[in-house]
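Have a look at the structure below, then the notes.
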There are 4 protein chains.
Amino acid sequence: MIEAGIIGGAGYTAGELIRILLRHPEVSLNFVYSTSQPGRPVAQVHQDLLGETELEFSGELNKEADVVFLCLGHGNSKKFLAENQFSDKTKIIDLSTDFRMASGDHSFVYGLPEFNREKVKEAGFIANPGCFATAISLAILPLAKENLLKDDLHINAVTGATGAGTSLSETTHFTWRDNNFSSYKSFEHQHLNEIGESVKKLQPDHDSEINFIPNRGNFSRGIHATAYTGFSGSLDDAKLIYKEAYKDAAFTFVTDEDLHLKQVVNTNKCLLKLQKFGNKLLITSIIDNLLKGASGQAVQNMNLMFGLNEKTGLDLKANYF
Amino acid sequence: MIEAGIIGGAGYTAGELIRILLRHPEVSLNFVYSTSQPGRPVAQVHQDLLGETELEFSGELNKEADVVFLCLGHGNSKKFLAENQFSDKTKIIDLSTDFRMASGDHSFVYGLPEFNREKVKEAGFIANPGCFATAISLAILPLAKENLLKDDLHINAVTGATGAGTSLSETTHFTWRDNNFSSYKSFEHQHLNEIGESVKKLQPDHDSEINFIPNRGNFSRGIHATAYTGFSGSLDDAKLIYKEAYKDAAFTFVTDEDLHLKQVVNTNKCLLKLQKFGNKLLITSIIDNLLKGASGQAVQNMNLMFGLNEKTGLDLKANYF
Amino acid sequence: MIEAGIIGGAGYTAGELIRILLRHPEVSLNFVYSTSQPGRPVAQVHQDLLGETELEFSGELNKEADVVFLCLGHGNSKKFLAENQFSDKTKIIDLSTDFRMASGDHSFVYGLPEFNREKVKEAGFIANPGCFATAISLAILPLAKENLLKDDLHINAVTGATGAGTSLSETTHFTWRDNNFSSYKSFEHQHLNEIGESVKKLQPDHDSEINFIPNRGNFSRGIHATAYTGFSGSLDDAKLIYKEAYKDAAFTFVTDEDLHLKQVVNTNKCLLKLQKFGNKLLITSIIDNLLKGASGQAVQNMNLMFGLNEKTGLDLKANYF
Amino acid sequence: MIEAGIIGGAGYTAGELIRILLRHPEVSLNFVYSTSQPGRPVAQVHQDLLGETELEFSGELNKEADVVFLCLGHGNSKKFLAENQFSDKTKIIDLSTDFRMASGDHSFVYGLPEFNREKVKEAGFIANPGCFATAISLAILPLAKENLLKDDLHINAVTGATGAGTSLSETTHFTWRDNNFSSYKSFEHQHLNEIGESVKKLQPDHDSEINFIPNRGNFSRGIHATAYTGFSGSLDDAKLIYKEAYKDAAFTFVTDEDLHLKQVVNTNKCLLKLQKFGNKLLITSIIDNLLKGASGQAVQNMNLMFGLNEKTGLDLKANYF
């Protein structure tokens, strides 16, 4: 059994990790580290776990764990690792932004298995991609891989309230968010950086614009993204490129059916649909922001790192309605 | 024009008062008093007012105002009035619980116009009823008026998230509340006190139990209540009693149609439906918790106090869908 | 008093018209014509009206009415007018698409008051704009008016479930729509036609692309739209252009505050925000699809046609939370 | 492997069964029978299954299947079994009401494992309990088992829109249900019959009233129920009775924590909380109406019938937010 630990246990991504790892047939959840509430039953915070686990938050780290997931606020992972030394064999999977930029001074591999599977398998340290970055990268990287991102990209995506974290704020108050809609950080969302790097790695000469408008939806989880750009080939050409790109993907599928977000909610899947209008290719992409966009993908990376089937523990029943 | 002031301007009930008073043909909204943000445009806080008003929060009181509405936290109205003296002509309408119990040492009239219209007209000080208390009192007081509340009452009601106020808390976080449901303060909700007093005033010998389970619904506004008790008469007898009780009511109607909450959302109405099952009378009651359950009823009281038509400024278009 | 009639009374737009006209101080709602349910109380269908009106659907037309609103399915207005002749003085306001294209063979004026006020005042027949068309036109026409729509436009907008009409379908079923999101009719929405015509009228040499992706949101009402395009001036230049364009507008306002949909829900307002990123101008536009996007704008047009203040009967309290 | 078939494949309960059985380690989903759409891919109807299965609806029955689940409308199971004969070894699990009343002329066992485990294990035919009946029975049967249901019961419960089935109706239209609340079938819900029978089996002398008001909530799935009645013992006495009743239960847990519906959504669990007020015992009970209230419990029964661990294939990750 793989001995796993989680650092920072109260947030959404930690909660989802706990839910997944408690059911993972090859994992023993060794500790959930919390300096603020050691000794408190995990099921008191993640209250759906009532009746399922007696696990308590721990104030102690097991530095010999096989794998450790960092669920800390952005900026805190780097700090935490500077202050805490794990054993040589301990693999680290970081869910923050801290090590996502390959250009930084570190040895973390960007954990997008669809494009990095072999590197992930060999990695000791994984920077788990951002949620928007995952939905969008899976929508556009097959084009970059074929050197076909020539024109500007126009991307619009909407995320659920879990995307904003557990902290209370005006825009996560129920009376504000209920039946509401708004955009934010237009053209300037931080995930544009990691998307840009991923594109450049596959298509080094890329120099067109990536325009991105993120939105806040009045639902709890999921990301729905549309992206379009000039594409001179036919729709069939495009489908061939995408199906080839994802022929080995465990969770990413290209379909001809119309998509709607709830097809993937509570699963680790990404569904993609391609359409052609005039000279434009439109790609629609949907994921669950907390699973394929965070904790599910983290476990997918763990599976690869430990030589397991990529889907182990991740064959999740959708919450379709 | 009636010069009106509001004390405490940031909450839901203050917001609704501002929206109503700005449109009230007989009122000039003189000031919205806020010690924390004097000078800030009201439309920056109540953002739907953008383009409608240049009003700013004021750090000064106009102690000569014709009417002042207190939108302070429970417990703070008493304190505020002890520290601030208004002119003799200034009428006070308090939306907190502070003066609702008639048994207290004060001269406030309980502002439920359906049962207190004449006293309200003469009053200088009004204790505006609580939201649950309004929905439930309107459901059961016609029976008390006829001395017919003999058996135990069984009441279940659900309120929207605005019922919990603007402060951020776990249960008002969107990700918690969305698609959720829960009960709280069963048998012990504070509004039971004012309901009990209202019953006793009409039926002094009342001594059966009033059982009440309040619930949190995953919607923003409105209260839906059901109440049942033994009733030996026929359904027609009951309808007669209720129609008689509300024959002069401006906003409270008895109907034979099935009810659902959105019939009254964003209005000052209360709709009631009666049904008889065996020896039990079931009364369903719906109101908007912020209007008939708070700010709308406050303005209704103001209208009565100033000799206006009760409905002035309160003929609001429902937000039916 | 203006004698008004409504043709086709069961849908959302008819419901909103009834709600508005019943409260309009200068209008007497003369009849709501329904061939399918004559004699049925209007409040049995629009159930929030219970206690407010005794009006019944009528199987008879009053062909001498001062104004008639057509709330028929797209395609049916033309047919209805061919079969039913009103008096010469009767003004017609059609809410369908049937007469929106100026290029058709008819005498209807496109009822977007912000750009057509003088023509609307003189008109006998009005084609009331579509909901998406209103939100988007108000976002982009100030640029067209100044001949500044040179680059491609990229528009993304989301509408509530009322946008799909009252008929039951998979995508309006609660269990499908709740917590869901999806796009549809990308690049091919029918409102692109009327938007294109409006642009051409103001900027005849316009020949860049208008790309539009519509989305279905999991809320009941409202449209949130973002539009961006190249703009060589400064942000202040843009603001000047928009403030000038809307200096006389009764319901359309330009603001520097962040926008979110509920600021306009249940009102006839349109709020616009401008931002500049690099060489791009981003315009965010929000309206209530049933009011400014349909019935509210229809009454606004009626007010202009009868020489009333544009806002009469339309100063509606928002349903902000 | 257990060869399983499903009769009637388009509804919610069939969809949940398919999702569960496709992942069940001991089951091979042999056929999903549909006379209306044979040959159509199952993933076109249950669209979250895209990428997971190539299964098609079948127009043929396998009469030698090990187990067959009937997901037909109420009244149709009896008819279907009269017209279709399965092999002697084929076990039948019926999700309709058709065989729930023990008093009927049939050999079906009522499949509430918490109180019928041994009989279920031996059964060839199971009548799977109703959703409200499950939530309520689990709340009150421990008292009946101890002969303690002496006073009247007062029950209020709310169900999600999936409780109304996939057919389109006014009350399942998004614009109606969104942010709405209503009660229906008060005192007369059909599940009162099976609840009454279950009580009588455990406490034959029971003759007090069971009052039940069901409600429609504006969420998709789950049931939240409160039930109270007179109870002369202490709270600790009550807890002891319930903990004893559920000491072997695989999915039903008694807790001291406050409950809210989302703790059980997308799981097969039932959580119960006990409180004492004066002489009254209040029991709160929450389940997922489609899982513990339908398809999950059906698979739980199947597990018992085939000698498997009760939890096989049912250890589902909650959709907690």
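What follows is calculated from the coordinates using simple rules that are stated; it is not laboratory data. Keep in mind that this is a model prediction, so the values were computed, not measured. Here the Cβ positions follow ideal geometry from the backbone for every residue, glycine too, while neighbour counts run over all protein chains shown.
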Item checked: Alpha-carbon spread of the protein assembly as shown, three principal axes, descending order, Å -> 82, 78, 68
Check: Say we join alpha carbon atoms closer than 10 Å with springs in a Gaussian network model of chain D; which of D:286, D:213, D:140 then has the biggest fluctuation?
Finding: D:213
Check: How far is residue B:248 from itself in the other copies, in nm, if each label sits 7 Å out from Cα along the Cα-Cβ line, shortest first?
Finding: 5.0, 6.8, 8.4
Next item on the list: Provide the net charge surrounding residue B:306, with neighbours chosen by a C-beta distance below 13 Å and charges set as Lys +1, Arg +1, Asp -1, Glu -1.
Entry: -2
Notebook entry, point to check: For residue D:315, which inter-copy label distances result when the label point lies 7 Å beyond Cα on the Cα-to-Cβ vector, reported in nm to one decimal and in ascending order?
Noted result: 1.4, 6.5, 6.6
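Residues of C:263-269, mean number of Cβ from any other protein chain within 10 Å of their own Cβ, rounded to a whole number?
Details: counts 9, 4, 5, 8, 4, 0, 4.
Per-residue shielding by partner chains comes out at 5.
With a cut-off of at most 11 other beta carbons within 10 Å, and DSSP calling the residue loop, which GluC sites (Glu not before Pro) in region B:7-111 qualify? Please list them. It would help to have the intermediate numbers written out before the result.
Working: sites: B:16, B:26, B:52, B:54, B:56, B:60, B:64, B:83; in loops: B:26, B:52, B:54, B:60, B:64.
In loop regions of region B:7-111 (DSSP not H, G, I, E or B), the sparsely surrounded GluC sites (Glu not before Pro) are B:54, B:60.
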Notebook entry, point to check: Between region B:130-192 and region D:1-36, what is the C-alpha centre distance in whole Å?
Noted result: 42
Note to self: Using a Cα-Cα cut-off of under 14 Å, which aspartates and glutamates could be cross-linked to residue D:243, ignoring same-chain neighbours fewer than 8 residues away?
What the structure shows: D:114, D:146, D:256
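For each pair in C:91/C:273; A:91/A:239; B:317/C:121; B:119/B:280, compute the distance between the two Cα atoms and list the pairs where it is over 28 Å. If you can, show how the numbers build up before the last one.
Numbers: C:91/C:273 35 Å; A:91/A:239 37 Å; B:317/C:121 26 Å; B:119/B:280 33 Å.
Check vs 28 Å cut-off fails for C:91/C:273; A:91/A:239; B:119/B:280.
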Check: Which is the longest stretch in chain D that no exposed loop site breaks, taking sites as trypsin sites (Lys or Arg not before Pro) with a DSSP loop state and at most 15 other Cβ atoms within 10 Å?
Finding: D:248-310
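With a cap of 14 neighbouring Cβ atoms within 10 Å, and only residues DSSP puts in a loop, list the GluC sites (Glu not before Pro) found in region A:126-217. Spell out each step's value before the answer.
Details: sites: A:146, A:170, A:188, A:194, A:197, A:209; in loops: A:146, A:188, A:209.
Here the GluC sites (Glu not before Pro) that fit, given the DSSP loop and packing criteria, are A:188, A:209.
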Margin query: I want to verify a result. In a Gaussian network model of chain B, Cα cutoff 10 Å, which of these has the top mean-square fluctuation: B:27, B:45, B:120?
Written below: B:45
Checklist line | Descending principal axes extents, chain A, alpha-carbon based, whole Å | finding: 61, 46, 33
Margin query: What are the extents of the Cα atoms of region D:275-314 along their three principal axes, in Å, largest first?
Written below: 46, 20, 12
Note to self: Can you compute 3J(HN,Hα) from phi for each residue in region B:260-267, using the Karplus curve 6.51 cos²θ - 1.76 cosθ + 1.60 with θ = phi - 60°, rounded to whole Hz and x for Gly and Pro?
What the structure shows: 8, 3, 5, 4, 10, 5, 6, 10
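Mind checking the dipole of region A:43-91: about its Cα centre, +1 per Lys or Arg Cβ, -1 per Asp or Glu Cβ, Debye to the nearest 20?
Magnitude of the dipole: close to 400 debye.
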Notebook entry, point to check: Once Rh is set to the Kirkwood radius over Cα pairs, what Stokes-Einstein translational diffusion coefficient, in µm²/s, holds for region B:131-287 at a temperature of 25 °C and a viscosity of 0.890 mPa s?
Noted result: 152
Note to self: Which one, A:240, A:192, A:168, has the greatest fluctuation when you compute a Gaussian network model over chain A with C-alpha springs under 10 angstrom?
What the structure shows: A:168
Item checked: Nearest residue to the symmetry axis between B and A, taken on chain B by its Cβ, in whole Å -> B:168, 2
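Once the Cβ-Cβ distance between residue B:243 and residue C:28 is put in as r, and R0 is 30 Å, what FRET efficiency do you end up with, to the nearest 0.05?
Details: r = 28 Å, r/R0 = 0.95.
With a Förster radius of 30 Å, E is 0.60.
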Note to self: List, shortest first and in nm to one decimal, how far the label point of residue D:205 (7 Å from Cα along Cα→Cβ) is from its counterparts in the other copies.
What the structure shows: 3.5, 9.3, 9.9
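Only sites in a loop by DSSP and with at most 16 other Cβ atoms within 10 Å count here; which GluC sites (Glu not before Pro) in region C:221-321 make the cut? Spell out each step's value before the answer.
Values: sites: C:244, C:257, C:310; in loops: C:257, C:310.
Those that pass, being in a loop and sparsely packed, are C:257.
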